[in-house]
Amino acid sequence: MTGGDDADFDGLTCREFVELVTQYLEDRLDAESRVRFEQHVALCPGCARYLDQIREATRVLGRTTLDTISPQARGQLLDAFRSWRSGRPDASG
Amino acid sequence: MRNPDGQLVDRLRVGDEQAFAELVDRYSPSMLAVARTHVASREVAEDVVQDTWLALLKGIDGFEGRSSLRTWLFRVLVNIAKTRGVREKRCTTVDMSDAPTHPTVSPDRFESGDSQWPGHWVRFPVPWRESPEHSLLAGEALDLVRHELAQLPQQQRIVVSLRDVDGYDSDEVCALLDLTAANQRVLLHRGRARIRQALAGYFAGVP
């Protein structure tokens, strides 16, 4: 542990910190809480690492893709599109 | 104001199949995810997505672009899904009752109240051996994250999917899922914490 005079980092414990990360990342902390959060992260390597790992997790999520409809369902939709188009008077077809 | 799918919608109106395919590929994944929250099975959810696209074709001449296509699609999707969901007697309300008290990091990771530093890490989170983003294991990290995402409770899964995988903003997600901003944030918070924990288990060897 880091010890010293900053033991409770201005009244925010690590246990409390981890529950604030999403509010912080969503910019939903009021000015005072934001300052306390940022002071804590500057002094506490454990919480800095936790915050980094949450950010990294969101970046990995951003590189994944969601499951989509089956190729059969997609094929049926394109078939339906062609019949829809052939029924339209103004479509070039 | 011109909405971003305007060109594709114009091409769709004149029968451009490529435009239709592009829209289907762009929106079906998130539509399927939202539909899954209303109906009991993947099969039915897929039907709901298909019915929504058919409804778009049927209604394209009445679609004036006052709302974005995306907004229109999801509104119709949710209506269709709810009709199917009610028929299947599904309950889709979110249970937020444990929201304020349920911690996302195990309490035993922190010092107890009678220790010298109550509430502080017993041990810091272990650094990851390499970045899940850039390492040779990136492919495995993606598989792991997809797997963990699928294991999340439904409401966490859908919020994390829309926010972090598909990049929707919080206002859109709240509107789509009929959630308050605070509830949406709690679901996102818990879901992300679980994904981090899964990556930690893999990249650090310990939680």
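The values are calculated or read from the model by the stated rules, or taken from the named source; none is laboratory data. Keep in mind the model is a prediction, meaning the values are calculated, not measured. Here Cβ is always computed from backbone atoms with ideal geometry, including for glycine, and neighbour counts include all displayed protein chains.
Quick rundown of the values:
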{"item": "Cross-chain or 6+ apart pairs with Cβ under 6 Å, region B:21-35 first and in contact (Cβ under 8 Å) with a residue 40 or more places away in the chain and at the interface with another protein chain (Cβ under 10 Å from one of its Cβ atoms), then surrounded by fewer than 22 Cβ atoms within 10 Å (Cβ to Cβ) and among the charged types (D, E, K, R)", "result": "B:30/B:166"}
{"item": "Answer residue from region B:153-207, given it is among the hydroxyl-bearing types (Ser, Thr, Tyr) and closer than 17 Å to residue B:36 by Cβ and is farthest from the other protein chains (Cβ to nearest Cβ) among those", "result": "B:168"}
{"item": "Residue count, region B:31-73 (criterion: outside any helix (DSSP H, G or I), within 20 Å of residue B:20 (Cβ to Cβ) and either among the acidic types (Asp, Glu) or under 19 Å from the mean Cα position of the chain (by Cα) (or both))", "result": "1"}
{"item": "Residue check for residue B:55: of a type in the set (A, V, I, L, M, F, W, C) and either buried (at least 21 other Cβ atoms within 10 Å of the Cβ) or modelled with pLDDT of 90 or more (or both)", "result": "yes"}
{"item": "Subset of region B:121-170 [modelled with pLDDT of 90 or more, surrounded by fewer than 14 Cβ atoms within 10 Å (Cβ to Cβ) and among the basic types (Lys, Arg)]", "result": "B:123"}
{"item": "Top-ranked residue in region B:100-133 [being part of a loop (DSSP other than H, G, I, E, B) and of a type in the set (D, E, K, R); ranked as farthest from the other protein chains (Cβ to nearest Cβ)]", "result": "B:114"}
{"item": "Residue in region A:70-88 that is farther than 30 Å from residue B:51 by Cβ and either within 9 Å of chain B (Cβ to nearest Cβ) or modelled with pLDDT under 95 (or both) present", "result": "no"}
